[in-house]
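This report refers to the structure that appears directly beneath it.
Throughout, read-outs are computed from the coordinates displayed, never taken from laboratory work. Predicted, not measured: the structure shown is a model, and the values here were computed from it. Note: ideal-geometry Cβ built from the backbone for every residue, glycine included; neighbour counts use all protein chains shown.
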Amino acid sequence: MGERLFTAVVPPVAVIDELGRWVDPRRDDAWRWTDASDWHVTLAFYADVEPWRYDELVERLGGAADRTRHFSLSLRGVGCFASALKARVLYADVADPSGVLPDLAGRCHTAATTSGIEVARHAYHPHVTLARRNQLVDGSRHLRALAELATTPWDVTEFALVQSFLGQGPRGTPRYEVRECFPLGTVVSLRSPSAWPGEE
């Protein structure tokens, strides 16, 4: 079995703090709420990366970053998967006025497939997961409570390649570790492996 990896845009601490001020007063026992230190916008998920494919994936992700200009994102409003009345996931929606995010997600997907890594193809809906449930529930109350959610825009200048360790986080959640960072619109320059922001 290979490594579980994903690429993601990680909001800056100031934006995470803003989101926390919206979410924290509304946490309840009806949902399993994600920790603020784990909030991110997934670009592409790689469920099983064999070790000998890692270097090629990193090289191709560097190329994807080099072809992507800096862009602005913010968080605006909330939603539920699969629906408001039959909800299993509560999320913060992502505002992407430049429309760059889906293109970057596509490049991250292609970087894997051209490296021989199998990646599921789904319609891309950028979001930050706030809470989950095992059983479907009516999410309308939380949608109303968080309907006006909004954060300050931030300039996205890099994305990360993150490893997910199942069951190693608090309460059996995954633990995340940043393996590489890829600056956008520059020659590839990789940062040394580091802890996920919540572990620093």
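Looking only at the stretch 147-162, filter to residues that are of a type in the set (Val, Ile, Thr) and outside any loop (DSSP other than H, G, I, E, B); which one of those is nearest to Arg67 (Cα to Cα)? Applying the filter and picking the extreme gives Val156. The residues of the stretch 89-110 that are of a type in the set (Val, Ile, Thr) and under 16 Å from Gly77 (Cβ atoms), listed by number, are Val89, Val94.
Quick check on my filter: what residues within the stretch 126-141 are closer than 20 Å to Gly20 by Cβ and either assigned to a strand (DSSP E or B) or under 21 Å from the mean Cα position of the chain (by Cα) (or both)?
Pro126, His127, Val128, Thr129, Leu130, Ala131, Arg132
Determine whether the stretch 75-83 contains at least one residue that is more than 16 Å from the chain's Cα centre (by Cα), more than 17 Å from Leu161 (Cα to Cα) and not in a strand (DSSP E or B). Yes, the stretch 75-83 contains at least one residue that is more than 16 Å from the chain's Cα centre (by Cα), more than 17 Å from Leu161 (Cα to Cα) and not in a strand (DSSP E or B). Among the residues of the stretch 90-129, those identified as under 17 Å from Tyr46 (Cα atoms) and among the hydroxyl-bearing types (Ser, Thr, Tyr) are Thr110, Thr113, Thr114, Ser115, Tyr124.
Kindly indicate which of Ala160, Ala84, Ala150, Ala95 is in contact with a Ser or Thr (Cβ under 8 Å, 6 or more places away or on another chain), of a type in the set (Gly, Ala, Ser) and within 21 Å of Val58 (Cβ to Cβ). None of the other options fit; the residue is Ala160.
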